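Values quoted throughout were computed directly from the atomic coordinates according to the rules given, and no laboratory measurement underlies them. Please read all numbers here as calculations on a predicted model, not as lab measurements. Neighbour counts run over all protein chains shown; Cβ positions are idealised from the backbone, glycine included.
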Amino acid sequence: MLNAPLDPLLHARHRLAIMSLLMREREAEFIHIKNKLNVSAGNLSVQLQKLKAAGYIDIQKRFGESYPLTNCKITFKGVQAFRKYAQAIRSYIGEAI
């Protein structure tokens, strides 16, 4: 279906990159995501909070040996939203590629 609605939350570059990474890895630590995406800690924190507020990811904080660790995990709702977004993109592209 051409003109399928695109989830504006996922259409943002960094949030799409975060969700793509989590679709592959299912969960990842904050520092791993930061390094893979080459973004600042502050920007990543903002984007993760938006995804968490939508219920697309869970964020768990704990302490390592003497430092905090933040782990992000994609939720079922996040997987469904990503798949729906990918399907919408496919509908726009069609057989063009």
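Apart from one condition, ASP7 fits all of (1) touching a Phe, Trp or Tyr at 6+ places or on another chain (Cβ under 6 Å); (2) free of Cβ contacts under 8 Å to residues at least 60 places away in the same chain; (3) not hydrophobic (A, V, I, L, M, F, W, C); the exception is (2).
Residues in region 55-97 that are loosely packed, with under 14 Cβ neighbours inside 10 Å and either in contact with a Ser or Thr (Cβ under 7 Å, 6 or more places away or on another chain) or of a type in the set (Lys, Arg) (or both): GLY55, LYS61, ARG62, LYS77, ARG83, ARG90.
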